[in-house]
Amino acid sequence: MCGIVGYIGNQDTTNFLLDGLKELEYRGYDSAGIALLNDEKIDVFKALGKLENLKEKISKSTLGEYHIGIGHTRWATHGKPTELNAHPHLGEYSYVVHNGIIENYKELKEELIADGHNFVSQTDTEVIVHLFENYENKLENSTEAFKNTIQRLEGAFSILLISKADPSKIFFFKHGSPLIIARGKEEKEVLFSSSDAPLIGLANDVVYLEDGVGGVASTAGIEFFSDDYSWSTLPTSKQFAQKDGFRFFMEKEIYEQSDVVSDCMLGRLNDDEILFDEIDASVFDGIKEIKICACGTSYHAGLTSAYLFERLSKIKCNVEIASEFRYKEPLLTKDTLFIVISQSGETADTLEALKMAKKAGLKSIVVCNVDNSSMTRTADYTILTRAGIEKGVASTKAFSTQAVVLWMLALYIAKAKNVIDTNILQNEIHALREVPSSLMVADKMHEKAKRLSKRYLHGHGFFFIGRDVFFPLALEGALKLKEISYLHAEGYPAGEMKHGPIALADPELFTIALMPENLLYDKIKSNVEELSARDSTICAISPLDFELADDFIKTQKTDHYMLEFFEMLVVLQLLSMEISIRLGNDVDMPRNLAKSVTVE
Ligand code: F6R
């Protein structure tokens, strides 16, 4: 979720890079940096925090004349947000900027250290530049060195690399994360960016690089390593470009979920185990119970995970709303592992709950999307969700990455405690690998949500119902709808309807029923039948046809309930968004809400 820019040409390189990074800053900004190259030297500037800090640093420096440069805004994944960890990363005589994650960086790093390379940062990225120089030193041919380098890398990596060994060139490669190359409007100009926005107005022709495509660019032209590319025309609206062509950030973020969840799992899934480099397995020694605290959508991720911790890790788990936890004089014992979940890492109630647990001497983990936030600085351990910056106030991709991290954590603990059968573990890991495809938005599904949205604009309320993990999913579906459509909605455990709420049932009560095939199907089916018998209007979401439904959204057949969970999540997000759009609401900035709730 970092941003990349690059420039070759005769205009002001520094300005292009800084203006370009400004356009990308909305994607994440814990640090930024640029490297500028001329025939004699490479000058590098890096700063923590917002781009303004980098600009200020540069304005106080004496700059030379540069015709080549690369730049980066960082959203930390490996290594804290520090100046040392900011890109570009240096070897001896080359610099690289990188978007993605190098999964095999540890092996490569060991090999390079044995070959005499010195590492200064905690990042995975630094291996790229050392690997390049290792080959360059042997081959004395930069293009071949670069080709050899990319062949050794595993994971996701879109990179720009410059080197004093061949100072008129930028080497580029795209795999996983986006990268665009453009012919500038000025003569002999070549521009790079990880998104359209920085290029608009400065270029007309671009190549949206496909995975596995790379090459080398200079004022003499662009040489691609393969024929697998085509030129297209750049859009002209910046607003449109920032949203990657989507109508709202929320929509973009719903569509991004498949990719960010892949990023979230990179390097953490092995064939038969889950890896979390960021936590020390001894944190679970002597732990008999897990207590989770969070708010809103993050609380729903916590509730979901409680089923998984008990089912898979065989450990007692309870979940509390942070604002309730704070004042109930909770009994805290040191055999409890305290987990907080927060997209922002700044939510006042959750932060305070974490401080209380720390004060009581409990070990703590935060599952968070923002490194260097108040919670990551407070908790003993941080697991980053790697969702990239979330702009839409209604949380979407933060939730899916939280749910994936917590599912992985449940399996990690299960394995550490030796309470999971090898076949079950492998089956779970296999299912985890399928999550990105369950989160893909199919055109047909989006169309259906759009069509159905017009039927659900009146009535006296919505009940979202589900059982087991589909109950917190029902809560999340109801919260999404409330937040952006301002319609009344409740999430309820399906089996609980008959204990009171079914009294509300009539044709003007809309029931959104989550009916997975792989978990308690018959139970939820009879709960929905009870509502149908009382004339409630039913919208069923299921892979199995259900004749009593007034409306039906068919999901794919899978063999794991969590895959159904993620697909249904996307359906609920799309449905709320389409209802909100139809009502003419501001989808990204709903009334009365703020993205980060730093007050009690
Ligand atoms: C809902 C939403 C909120 C947040 C809640 C906690 O779409 O975004 O309910 O989930 O305010 O925020 P974090 O996760 O930042 O602690």
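A few remarks follow.
- Sole residue being acidic (D, E), open to solvent by 30 Å² or more (accessible area, probe 1.4 Å) and without any contact (Cβ under 8 Å) to a residue 60 or more places away in the chain, chosen from E273, E310: E310
- Qualifying residue in the range 324-347 (condition: more than 30 Å from A86 (Cα to Cα) and in contact (Cβ under 8 Å) with a residue 60 or more places away in the chain): no
- When the range 500-521 is filtered for residues that are within 37 Å of the chain's Cα centre (by Cα) and either open to solvent by less than 40 Å² (accessible area, probe 1.4 Å) or modelled with pLDDT under 95 (or both), the ones remaining, listed by number, are P501, L509, F510, T511, I512, A513, L514, M515, P516, L519, Y521.
- Of all the residues in the range 311-324, those that are away from the ligand (no atom under 16 Å from the Cβ), closer than 28 Å to K482 by Cα and small (G, A, S) number 0.
- Test: residue in the range 433-444 that is touching a residue at least 24 places away in the same chain (Cβ under 8 Å), more than 14 Å from F566 (Cβ to Cβ), in contact with a Phe, Trp or Tyr (Cβ under 8 Å, 6 or more places away or on another chain) and not aromatic (F, W, Y): no
- Residue that is surrounded by the most Cβ atoms within 10 Å (Cβ to Cβ), among those in the range 40-58 that are modelled with pLDDT of 90 or more and closer than 16 Å to F16 by Cβ: L54
- Condition met for L36 (open to solvent by 10 Å² or more (accessible area, probe 1.4 Å) and in contact with a strand residue (DSSP E or B) (Cβ under 9 Å, 6 or more places away or on another chain)): no
- Checking A403 against (1) more than 16 Å from the ligand (Cβ to nearest atom); (2) in a helix (DSSP H, G or I); (3) touching a Phe, Trp or Tyr at 6+ places or on another chain (Cβ under 9 Å); (4) of a type outside the set (S, T, N, Q), the condition it does not meet: (1)
- The range 460-490 - residue that is open to solvent by less than 40 Å² (accessible area, probe 1.4 Å) and in a loop (DSSP other than H, G, I, E, B) and, of those, farthest from the ligand (Cβ to nearest atom): D468
So that you can scan it fast, the table gives a plain yes or no per residue for (1) within 16 Å of the ligand (Cβ to nearest atom); (2) more than 30 Å from N104 (Cβ to Cβ):
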residue: D259; (1), (2): no, no
residue: E289; (1), (2): no, yes
residue: S298; (1), (2): yes, yes
residue: G302; (1), (2): yes, yes
residue: Y327; (1), (2): no, yes
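- Any hit, the range 532-544, residues being outside the structural domain of K397 (by TED's automatic domain parsing), part of a helix (DSSP H, G or I) and open to solvent by 10 Å² or more (accessible area, probe 1.4 Å): yes
- Filter result for Y255 (open to solvent by 50 Å² or more (accessible area, probe 1.4 Å) and either under 17 Å from L569 (Cα atoms) or within 16 Å of the ligand (Cβ to nearest atom) (or both)): yes
- Flag for I581 being under 25 Å from the mean Cα position of the chain (by Cα), more than 12 Å from the ligand (Cβ to nearest atom) and crowded, with 16+ Cβ neighbours inside 10 Å: yes
- The residues of the range 15-33 that are open to solvent by less than 10 Å² (accessible area, probe 1.4 Å) and either assigned to a helix (DSSP H, G or I) or farther than 20 Å from I68 by Cα (or both), listed by number, are L17, G20, L21, L24, G28, S31.
- Among (1) within 8 Å of the ligand (Cβ to nearest atom); (2) open to solvent by less than 20 Å² (accessible area, probe 1.4 Å); (3) farther than 14 Å from V261 by Cα; (4) not aliphatic (A, V, I, L, M) - the single one T376 does not satisfy: (1)
- The condition of being without any contact (Cβ under 8 Å) to a residue 60 or more places away in the chain, away from the ligand (no atom under 16 Å from the Cβ) and either closer than 25 Å to S282 by Cα or over 19 Å from the mean Cα position of the chain (by Cα) (or both) holds for only one of N423, N427, that being N423.
- For E126, the requirement of being in contact with an Asp or Glu (Cβ under 7 Å, 6 or more places away or on another chain) and within 19 Å of E110 (Cα to Cα) is not met.
- Of all residues in the range 102-136, those satisfying the criterion of being within 17 Å of K164 (Cβ to Cβ) and either surrounded by fewer than 16 Cβ atoms within 10 Å (Cβ to Cβ) or among the charged types (D, E, K, R) (or both) are E133, E136.
- In the range 382-400, residue nearest to the ligand (Cβ to nearest atom) [restricted to those that are open to solvent by less than 10 Å² (accessible area, probe 1.4 Å) and of a type in the set (A, V, I, L, M)]: A394
- The C-beta contact set for the range 583-595 (first residue under 20 Å from A348 (Cα atoms), second residue of a type in the set (A, V, I, L, M, F, W, C) and surrounded by 14 or more Cβ atoms within 10 Å (Cβ to Cβ), distance under 7 angstrom, 6+ apart or interchain) comprises L593/V393; K595/V393.
- Failed item in (1) at pLDDT below 95; (2) buried (at least 21 other Cβ atoms within 10 Å of the Cβ), with E329 passing the rest: (2)
- Condition met for L308 (among the aliphatic types (A, V, I, L, M), touching a Lys or Arg at 6+ places or on another chain (Cβ under 7 Å) and away from the ligand (no atom under 16 Å from the Cβ)): no
The values are calculated or read from the model by the stated rules, or taken from the named source; none is laboratory data. As the structure is a computational prediction, the values presented were derived from the model and not from experiment. Note: ideal-geometry Cβ built from the backbone for every residue, glycine included; neighbour counts use all protein chains shown. We work out accessible area using only protein heavy atoms, side chains counted, and drop any ligands, DNA or RNA first. Shrake-Rupley method; radii C 1.70, N 1.55, O 1.52, S 1.80 Å.
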